Structure formats: C-alpha cells, structure tokens
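In what follows, a structure is listed as structure tokens, so that the remarks can point back to it.
Just so you know, all these numbers are worked out from the coordinates, no wet-lab data involved. Fair warning: this is a prediction, and the values are worked out from it, not measured in the lab. Reconstructed Cβ throughout: ideal geometry from the backbone, glycine too, with neighbour counts over all protein chains shown.
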Amino acid sequence: MLTIGLIASVIGVLICLQIDWFPTQGSTQADKIDTLYDVLLIVSVPVFVLVMTVAIYCVIAFRAKPGERGDGAHIHGNTKLEIVWVTIPFIIVSALAVYGWIVLDDIEAKKTDELVVNVTGEQFAWSFDYPQQDVTSNELVLPVDRPVHFKIHAKDVLHSFWVPAFRMKQDAVPGIETNTRVTPNHEGSFPVVCAELCGIGHATMRQQARVVPVTEWEAWVEERRGEGAAPEEGEDPIAAGREIFTSAGCNACHTLDDADATSQVGPDLNQLAAAAEDRQPGTNAEEYVRESIVDPPAFVVDGYSGDTMPGDFGDQLTPEEIDTLVQYLLGLSQTESGG
Ligand code: CUA
C-alpha cells in the first residue's frame, strides 16, 4: 500500500507541476505566489493520494465475503496511530502557514518611490486616479519596474480589484479604503477584472492595464493632463471614438457592433441617431447623447433604470473626449442608416 501510494504521489506531483496553472507573470509578486502554489501542490498531492490509497485498499481488503453477515471486529482506537495522524498534519499546516505569512509579508511590503493609484470600482467600471500626477483615467497605465500602491475604493457595492497577471487581488468595499501593492515588471496589456459578483454587469467589468516604459508613461501623463484623448489633426475620429468607448468601459454595458461590444446591461447603441430622434422629439440628437453620457437619469430608455450607469463620466472624460464620443456614436449610426 505504501509503495503504491509513493509511486502514485510522485506521478501526481509530476503531472501537477507540468500543468500551466497560471496566467502570464506581470509583477515581481507573481513569481513568489506561483512558487507558493507549487509548494502547496507538492504537499497536497501526496496527502490526497495517500488518503485515497488507504481508502481504496480498505474497500478491497476488508470487503464482506459473500454470505458473511456478522458484525466487524470492535476496535476501540489506537493511541499511537492517532498521535501520528494529528502531529504530522499539524506540522505540515503550521509550516505552510508560516511560509504563507512570510511570502505575504514580503509581497505586501512598502517600497520607496511608490506610485499611488486610487482605484474606484462602481457598477460596472473601474476608474483610476493618479493623485501625484493629477490625472484621472479609465485605463490603468503603469510604468514598468516602479512599485505601485493601489488604494482601493467602491462607490456602490462590493467589487474586487484583480489583475490576474499581477496576482494580487483586493476587495473594494464601500466606505473604507483597502490597499494592495504591486511592482509590474513586464511590459504589455493585461486584463483588469472584477472578482466579486456585483450585479448584472459583473462579467463585463473588464478593462485593460497597460504596462509601458517609463518615458512612454510620462508622455501619457503629460497628454492626460492636457487635452485628453481628443482626436488630433489627421487622426481618424472613428478610431478615436472607438478607443474612448472601450477605454471608458462603455463596452461593459452597451452593444455596439463597431466596437465589438455585445453587453446588454444598458440600451443597444447601434442606430443611436435614429433612436435619439424618436425618443426625445425636440432635443437635438447631439444634446440627447451628451446628456445621456453626463447625466444618465436625464433620459431613461423604457425597460432600463436611470441609476445603473455611473453618473460621473462628465468628470472621468474631458469635454473633448465626450465630444469625440458623441460624434462617434452618432456618426456611426448615420453612416449605417444612410448607407
Ligand atoms: Cu464589480 Cu463584479
């Protein structure tokens, strides 16, 4: 039994270590967390295998013979065995707890020169505020290799701020500030997700974290501080509008073919120009759309609620960005209905 258990444990551990459990490593924390997981696997697999081996062995070896109807032998316990099976797990679990505590203490340690980012979760979008730079954004842009201290808030219900590539996950709780620290060490785009069921749009509460070289990040900060992402001379206004639509998280709740958005939390925005005329006779389409972005309860489409959409896009987006977005939404449907 012991031999079978040992062989099965070794095979089980080897299989487990072959499986690619984790997403890309995007932070200095990721490596330590993945190692911790591997250690947990190496310890857990033999425990599982040994318990199953004993159980299966007993089922086969002590099975009642045909016709045998008497009671089994009455066993009152075995002190030696009980001491062994309490002591060994106690040592294993205590050692893992200490190891886990050391890793946690290490990855959460305060660093010098931290970039502070205020993260705010609300149904159904994240927004990011850089108090040291005086910048607000719907896209999380971070310089590579600089420690970041996230201060996390929620406006309405519980959310959970999670960038799987960074590994660190922290609840966003209304009324209090929670914290987490990460040092991104790989450039690239990584999904930001919400890991706490927070309502109908929970699954679509996804944005992007972009880790870029320091100089690129500084340029981004400068640009955000100035005009925002209004289309520059020669830039395609449709592409600019589409980018704002996605980075601001509109796609989390609305359907819009041009932006590959299919969510149905809020009204469908295809053919918005025609709909705008129908819904609010008298208001011009542009005002209707602008007002609906800045002050969602102003006009509520039948079948939807006015307080589902965050009411602060007027602060999150610059006036130029809102212009671009309005023109984009109207321009698309005009082109479609005209063509
Ligand atoms: Cu926010 Cu789930």
Compute the long axis of helix 319-338 from its Cα atoms, compare it with the longest principal axis of the Cα atoms of the chain, and write down the angle in degrees, 0 to 90, nearest 10.
-> 80
Across the Cα atoms of the stretch 146-227, what radius of gyration and what greatest pairwise Cα-Cα distance (Dmax) are found, in Å?
-> 14.0, 39
Length gained when the stretch Ile238-Lys111 is fully extended (0.36 nm per residue, less Cα-Cα span) = 41.5 nm
Ranking Gly12, Ala273, Ala209 by how far each Cα lies towards the positive end of the charge dipole of the chain (+1 on Lys and Arg Cβ, -1 on Asp and Glu Cβ), the top one is Gly12
Degrees between helix 79-107 axis and first principal axis of the chain (Cα, 0 to 90, nearest 10) = 30
Once the dipole of the chain is set up with Lys and Arg at +1 and Asp and Glu at -1 on Cβ about the Cα centre, which of His76, Ala285, Thr87 lies farthest towards its positive end?
-> His76
Amide H within-cut-off set for Gln123, under 5 Å, with H built and near neighbours excluded = Asp156, Val157
At R0 = 45 Å, FRET efficiency that the Cβ-Cβ distance of Thr262 and Val93 yields, to 0.05 | 0.50
Under 12 Å, Cβ to Cβ, from Asp307 - net charge with Lys/Arg +1 and Asp/Glu -1 | -2
Sticking with the crude label model, points 7 Å out along Cα→Cβ, report the distance from His74 to Val47 in nm, one decimal please.
-> 3.5
Positive minus negative residues near Pro184 (Lys, Arg vs Asp, Glu; Cβ under 12 Å) | +2
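Loop only by DSSP, 15 or fewer other Cβ within 10 Å of the Cβ. Give me the trypsin sites (Lys or Arg not before Pro) in the stretch 76-148 that pass, ordered by residue number.
Within the stretch 76-148, the qualifying trypsin sites (Lys or Arg not before Pro) (loop, at most 15 other Cβ atoms within 10 Å) are Lys110, Lys111.
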Loop-resident sites, the stretch 62-135, for GluC sites (Glu not before Pro), counting at most 10 other Cβ within 10 Å (DSSP) = Glu68
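Rounded to the nearest 0.05, what FRET efficiency do Leu104 and Tyr304 give with R0 = 25 Å and r taken as the Cβ-Cβ distance? Could you check?
0.05
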When the chain is fully extended, how far beyond the present Cα-Cα distance does Lys151 get from Glu291, taking 0.36 nm per residue of separation?
-> 47.3 nm
Over 30 Å, how big is the tail of the calculated P(r) for the chain, in percent of all Cα pairs?
-> 52
If the label point sits 7 Å along Cα→Cβ of Lys65, residues of the stretch 1-37 with amide N under 17 Å come out as none
In a shell of Cβ-Cβ distance under 13 Å around Val119, excluding Val119 itself, what net charge do Lys and Arg (+1) and Asp and Glu (-1) give?
-> -1
Using 0.36 nm per residue of separation minus the Cα-Cα distance, give me the extension gain between Val39 and Cys58 in nm, one decimal.
-> 3.9 nm
